[in-house]
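J.: I am attaching a structure below and will ask some questions about it afterwards.
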């Protein structure tokens, strides 16, 4: 699977920038929408979650989440286990 690295940076209290490990989180290159990328990265970061967790944490409407999750599932990137979704390893 082709993936591009996503570098995460955080600002410390001394105004120096620390770069997280760029291999920690990756986004599949075939994901085009920002919503799909956001949901994929969030599920990867928290090791899975349910729709209510995604809705509250990402401030997205449920009606927007279901098509994104369906697309990620069809691409084989996310699996559903009961009410929870998780990134396929």
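J.: Using the structure shown, decide if residue 43 is in contact with a helix residue (DSSP H, G or I) (Cβ under 6 Å, 6 or more places away or on another chain) and either modelled with pLDDT of 70 or more or in a strand (DSSP E or B) (or both).
T.: Numbers: in contact with a helix residue (DSSP H, G or I) (Cβ under 6 Å, 6 or more places away or on another chain): no; either modelled with pLDDT of 70 or more or in a strand (DSSP E or B) (or both): yes.
Taking the combined requirement at face value, the residue does not satisfy it.
J.: I want to confirm something. Restricting to segment 57-78 and keeping residues that are in a loop (DSSP other than H, G, I, E, B) and closer than 13 Å to residue 37 by Cβ, which single residue is nearest to the chain's Cα centre (by Cα)?
T.: Across segment 57-78, the extreme among qualifying residues is 77.
Here is a yes/no grid of residues against (1) surrounded by fewer than 16 Cβ atoms within 10 Å (Cβ to Cβ); (2) in contact with a strand residue (DSSP E or B) (Cβ under 8 Å, 6 or more places away or on another chain); (3) modelled with pLDDT of 90 or more:
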| position | (1), (2), (3) |
| --- | --- |
| 7 | yes, yes, no |
| 16 | yes, no, no |
| 21 | yes, no, no |
| 38 | no, no, yes |
| 67 | yes, no, yes |
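J.: Any idea which of 49, 76 is exposed (fewer than 15 other Cβ atoms within 10 Å of the Cβ), more than 16 Å from residue 24 (Cα to Cα) and without any contact (Cβ under 8 Å) to a residue 60 or more places away in the chain? Please lay out each step first, then the result.
T.: Numbers: 49 fails: exposed (fewer than 15 other Cβ atoms within 10 Å of the Cβ).
Exactly one residue qualifies, and that residue is 76.
The values are calculated or read from the model by the stated rules, or taken from the named source; none is laboratory data. Note that the structure is a prediction, hence the values are computed from the model and not measured. Neighbour counts are summed over all protein chains in view; Cβ atoms, including those assigned to glycine, are modelled from backbone coordinates with ideal geometry.
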